[in-house]
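Notes follow once the structure below has been shown.
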Amino acid sequence: MKQFLSITFIMFLLWNCGQKTNENSAEKMIITEKHSEEAIKGITEKFPENSRQEIEKGVHHAASLWRQSDGTEQEFVAFCTDNYIGDSNEKHAVLIKVSEYMESLFGHFNKMTIDMKKNVDLQTGQLHAVDHMFSAYSAGAHLNNDFYGNKIAFLVALNFPFYSTEEKNELGENWTETEWAYARMGDVFNSRVPSVLIQNSAAVSAQADAYIAEYNIYMGNLISKTGQPLFPENMVLLSHWNLRDEIKANYSNSENGPEKQEIIYSVMQRIIDQSIPHQIINSGEYNWNPFENKLLKNDRQVEAEPESDKRYQQIVNNFNALKDFDSYHPVLNTSIKRSFSGNMQIPQEEVEALFHEFLSAPQLKQTGEIIKKRLGRDLQPWDIWYDGFKARSSMPEEKLNAITQDRYPDAKALENDLENILKKLGFENEKARYLASNIAVDPARGSGHAWGASMKEEKARLRTRIPEGGMDYKGYNIAIHEFGHNVEQTISLHEVPYYIMNGVPNTAFTEALAFVFQERDLMLLDMKDENPDAEYLKTLDILWSVYEIMGVSMVDMQMWQWMYNNPDCTAEELKNATLEISKNVWNEYFAPVFDIQEQTILAIYSHMINSPMYLPNYAFGHLIHFQLEEHFKTQPLASEVERIFALGQLTPREWMIKAVGTPLSNQPILNAATEAIDHLL
Ligand SMILES: [Zn+2]
């Protein structure tokens, strides 16, 4: 039996290998310019009145998705000629039909995912291994493939062609809601990357995740310049998040805080330049003095062997895997374009220009002066993580806990109060009732999250952790943040002009409304923070964290640009380039504030290893939040939230202009910072 099984297994492998080669040739792109021209000619003859430009766009879009397995070149030409919709009323009717079908599909798949993960996400009692198996299952995984198989994808691509973010920004200014909906329909099937490349990229990405997840530093084994261990024996910190948080935590340690911060900083520098001994990564076998890079075992010095560029190898692997996608994206033909113009929908050059403007702002130097004063010393490079602006609330936390515990003993109590919360925020009675009736509160296992619906007949879900004695203040504060997400999810699903436009331009926009809600958490408890500086401190706290995140984002972006300019680079070359880039970014934007040159610290972020070019997203939530808050100073919050979040998925630029009258801007946060600096300096 055993023998038989293993032979079957080998046969399965051989069969699978054969399948893969077939799949590769089946996934070959075969439509040349000549065939596209033929199709365009056929359609123009049929509809001589129609815009030739639109016909060309649709045919080229469909051609970029057509593979050998979809049919011959002549079949492509015939498909286009037969399926082009020349009549504008018919096109609109098809938009509505396809939207309805998609709402049902996406809505039910989303519902299934919520159901499959229910036991893992919610407090439903003991988990079984089978819960994890279902939770990892994705019912909708084959939808895309199916839609190429039955040609729905081609019909949609041909009639609703893809517009780049640049085109949407340029043309969208004058588009009607219907034209926006056509353009969003064109985003649904915008590329078709062979599954083998997607699998490869997923495998590489999983390796990078594993590399990061197993990068722990045993803090009890670190020794100071004078040979002393300073950290608790059993303290183990994951790089870089936990290391950074430990630096933050030591601002309130007057005994040996700065000394501990300096050790952590030294560890970070050795991770970045890869001189860190591999023997101490994820292991407590050795003691290590990171300043001299001295490794000890049982008090005897042993040779330190450097990690040798493994960190940068992960990035090179990611780059190679993602670069393989390029030729399958006719417009977004680099990973940089896909991250910015594609996912974020802001062209990379615009992101860089916006960050450059912020990073050069005089308010940063002034805030640096305030920090210097508060610390009573010159700035050190790790003060990019200065944590002393966290305002002490004038209310003792126990008092706040008592209020929230009494008000919200369980999830049901919060759910029943949602309508009331919305009324306090200024929503009309009927509107508050309607929004609240579309949001359900579930008791979460973790700290909570907000999960929107994808069809109107389902509710958005507010997941929150409520301990035995009722909701504590921290949990309440997070729940109000998540509630902001739910309100966005509900308005931007139910009130957008077309289903296909549901949502917001990118995650930063929903984050901004969550911040708006969270800011008002005390008011919702009928309380007020009496600390007169609270708001100013908070502004500078956010300003300083945006400063840091834009700095590391600059390094991340420039590193990817360097890789595209040096596509055959080795890990060592990438390391040297990254060290150079991080020093340049530091010298340009941080040295003037810190009065220290040549620091590499901006290259420490783990996101750079496993989430390529994701970092810039974090800065935008705050910028948008300040833009909205400035708008709400003169406009009523509730009715404006309803109007603004019903705009749906425009581009960030168009959304912002229609929302508050100006494109994305640093000015509101910098204005707020000036006000805070005047008060605190
Ligand atoms: Zn959030």
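The values are calculated or read from the model by the stated rules, or taken from the named source; none is laboratory data. These figures come from a predicted structure and were not determined experimentally. Here Cβ is always computed from backbone atoms with ideal geometry, including for glycine, and neighbour counts include all displayed protein chains. When the accessible area is computed, the model is the full protein with side chains, heavy atoms only, and any ligands, DNA or RNA have been set aside. Shrake-Rupley method; radii C 1.70, N 1.55, O 1.52, S 1.80 Å.
Just a few scattered comments:
- The residues neighbouring SER104, those whose beta-carbon lies less than 12 Å from its own, together hold a net charge of -1 under the Lys/Arg +1, Asp/Glu -1 convention.
- Pairwise centroid distance, computed over Cα atoms, of segment 478-545 with segment 32-103, Å: 42 Å
- Spatial separation of Cα centroids for segment 361-407 and segment 606-625, in angstrom: 22 Å
- FRET efficiency, ASN89 to LYS528 (Cβ-Cβ, R0 60 Å, nearest 0.05): 0.60
- Within the chain, percent of DSSP bridges classed antiparallel, to nearest 5: 75 percent
- Under 5 Å, built H, 5+ apart or other chain: amide partners of TYR408: MET471
- Nitroxide proxy distance, nm - points 7 Å out along Cα→Cβ at ASP82 and GLU519: 5.7 nm
- Dipole axis of the chain (+1 Lys, Arg; -1 Asp, Glu on Cβ), positive-most option in VAL302, SER191, LEU524: VAL302
- Residue-span extension gain [SER69 to LYS412] - 0.36 nm each, minus C-alpha spacing: 118.2 nm
- Angle between the chain longest axis and helix 616-632 axis [Cα atoms, degrees, rounded to 10]: 90 degrees
- Relative contact order of segment 573-681, pairs being alpha-carbon contacts under 8 Å that are 6 or more residues apart, as %: 19 percent
- Estimated purely from DSSP H runs of n ≥ 4, each contributing -39500 (n - 2.57), the mean residue ellipticity at 222 nm for the chain is -18500 deg cm²/dmol once divided by its residues.
- Filtered GluC sites (Glu not before Pro), segment 23-128: DSSP coil and at most 10 other beta carbons within 10 Å: GLU49
- Helix 177-188 axis, angle to the chain major axis (alpha carbon atoms, nearest 10°): 80 degrees
- Paramagnetic label zone (point 7 Å from Cα along Cα-to-C-beta, HIS449; backbone N under 20 Å) in segment 494-515: 503-515
- Distance from the C-alpha centroid of segment 107-155 to that of segment 194-240: 31 Å, rounded to the whole angstrom.
- Estimated FRET transfer efficiency (GLU369, LYS34; beta-carbon r; R0 56 Å; 0.05): 0.25
- Spacing of the modelled spin labels on GLU54 and ASN234, each 7 Å from Cα toward Cβ, amounts to 6.9 nm.
- Per-pair calculated FRET efficiency, R0 = 22 Å: ASN343 and GLN561 via Cβ, rounded to 0.05: 0.80
- Cα gyration tensor category, rounded, prolate or oblate, for segment 320-479 with a/c compared to 1.5: oblate
- Accessible area expressed per residue, segment 274-412, with surrounding protein chains retained (probe 1.4 Å, Å²): 48 Å²
- For the chain, the carbon plus sulfur part of the accessible surface works out to 50%, probe radius 1.4 Å.
- Between the Cα long axis of helix 411-424 and the first principal axis of the chain there is an angle of about 80°, rounded to the nearest 10.
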